[in-house]
1. Could you tell me which numbered condition residue A:182 fails, if it satisfies all but one of (1) surrounded by fewer than 21 Cβ atoms within 10 Å (Cβ to Cβ); (2) part of a strand (DSSP E or B)?
2. Please work out which one of (1) touching a helix residue (DSSP H, G or I) at 6+ places or on another chain (Cβ under 7 Å); (2) more than 30 Å from residue A:151 (Cα to Cα) is the condition residue B:137 fails and give its number.
3. Please count how many residues of the stretch A:216-267 are more than 25 Å from residue A:54 (Cβ to Cβ) and in a loop (DSSP other than H, G, I, E, B).
4. Which residue pairs have Cβ atoms under 6 Å apart, sit 6 or more places apart or on different chains, and have a first residue in the stretch A:115-139 that is in contact (Cβ under 8 Å) with a residue 60 or more places away in the chain and a second that is assigned to a strand (DSSP E or B) and buried (at least 24 other Cβ atoms within 10 Å of the Cβ)?
5. Among the numbered conditions (1) modelled with pLDDT of 95 or more; (2) more than 14 Å from chain B (Cβ to nearest Cβ); (3) not in a helix (DSSP H, G or I), tell me where residue A:202 comes up short.
6. Please indicate, with yes or no, whether at least one residue in the stretch A:64-74 is assigned to a helix (DSSP H, G or I) and free of Cβ contacts under 8 Å to residues at least 60 places away in the same chain.
7. What number of residues in the stretch B:1-33 are in contact with a strand residue (DSSP E or B) (Cβ under 7 Å, 6 or more places away or on another chain), buried (at least 24 other Cβ atoms within 10 Å of the Cβ) and not in a helix (DSSP H, G or I)?
8. Just checking, which of A:110, A:105, A:58 is touching a residue at least 12 places away in the same chain (Cβ under 8 Å), touching a strand residue (DSSP E or B) at 6+ places or on another chain (Cβ under 9 Å), part of a helix (DSSP H, G or I) and more than 18 Å from residue A:21 (Cβ to Cβ)?
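The values are calculated or read from the model by the stated rules, or taken from the named source; none is laboratory data. Just so it is clear, the structure is predicted and the values come from calculations on it, not from any experiment. Heads up, the Cβs are rebuilt from the backbone with ideal geometry, glycines too, and the neighbour counts pull from every protein chain shown.
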């Protein structure tokens, strides 16, 4: 069982989930947070669901060793494939990014014609359409896997001919289908917001699930009595499976500040 | 110790090494071959040297369980980072792809001005320039990491605006430096040969180390008395760490034939 004294655990396949970390940390400044990035096995989006479930279980086990009271699955692919498994198996609450992202999309769409972009794994899972249609049975959902967006974002190659042509290649069809809302269903994609917005046009609302996920984390913890009382020095800890210095460098760009403590963990 | 009755072991981070497998199998049709693709942790090229060495050790251990008599490291990144470590630690001979590729480049270059493209890990290792300069001390070697080429090749996105613009971005500078030979220092890159050749021009010779590596394997085995006597049904076995059916499908495209036996292995 868990109590309010533990930390919030967040795991992701790499650095992308730091966008979720940032929103959770901003919304819950008194909570300790342990972030785990599986940088040695990134990306998850091209791997099979079985492998992603295996890695998600391993990540959750590492976080539980750190006495977390709630686990946030910041990676869309892991959320799509593994959240239901983890909820069955773990004794702490598990928050994924799919439900919050779907809820935000349904709220913001006027026409009910919603696009979702994500990794091959996320799209193949069918998780977004399932949740969106549960919330809004009349919605029409069009999904598109954009495999090159992750390496482009990781390279910091977010402007110019190549990302623009890739965006046109992936998104042209969605635009033609008349979507009014587009879910950025991968934590890397917000880095490509500018080129995505330029391609789909200003009439399409882009939804990044990070802020909505932070709201869900807060509500879940409040509902279960897991919110900590004010404390002076909440822990901010980062664990990674590949080189810590590399993560610290990229993480600094993501968060706009130094990452205090980055440690290597083998799992 | 090893004897001629064992199989040849080949490992790679994924499917790319099948180009090496094909050349070794064509040159040594009577030999049994066990191929291991670490598809659950691919790619290696963006990971740290320490992590690549860890994964290379694990792959070698799996192959040794299969009683291999020689190990071929088909992945350029793993060859660059881990071959010397494996040679120290293992009792079987280890053949990488760097030395064969470097030898072929030196042989084919008329001017001694050689370009090398590879993953970030391969380029950072400095392995190609070191070997090329050992073979031809007067050579000038220019290296360039091309991180987007692996995802493009894996997507089968080998023609059109995006790969052409990416090739121009990566290779424009090398062309300006006057190279007459370009080493394709990653097993994925031969899939992009057409667009690479178009970018660097017909005057530049492209070197793919697969054939040269197969020659080195044959020579090494002959020198050590490890060549098998003619046998009727040499084994062709494929082990992968992610979904076998996905590997079998992509592998069929790589090899132009069905892969008889693909099994999942956890490591």
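1. (1)
2. (1)
3. The number of residues fulfilling the criteria is 17.
4. Correct list of pairs: A:115/A:182; A:116/A:183; A:116/A:185; A:117/A:185; A:118/A:185; A:122/A:185.
5. Every condition holds for residue A:202 apart from (1).
6. The initial filter retains those residues of the stretch A:64-74 that are assigned to a helix (DSSP H, G or I), namely A:64-65.
When the remaining residues are screened for being free of Cβ contacts under 8 Å to residues at least 60 places away in the same chain, the result is A:64-65.
Yes, that holds for at least one residue.
7. 9
8. Details: A:110 fails: part of a helix (DSSP H, G or I); A:58 fails: touching a strand residue (DSSP E or B) at 6+ places or on another chain (Cβ under 9 Å).
Residue meeting the stated conditions: A:105.
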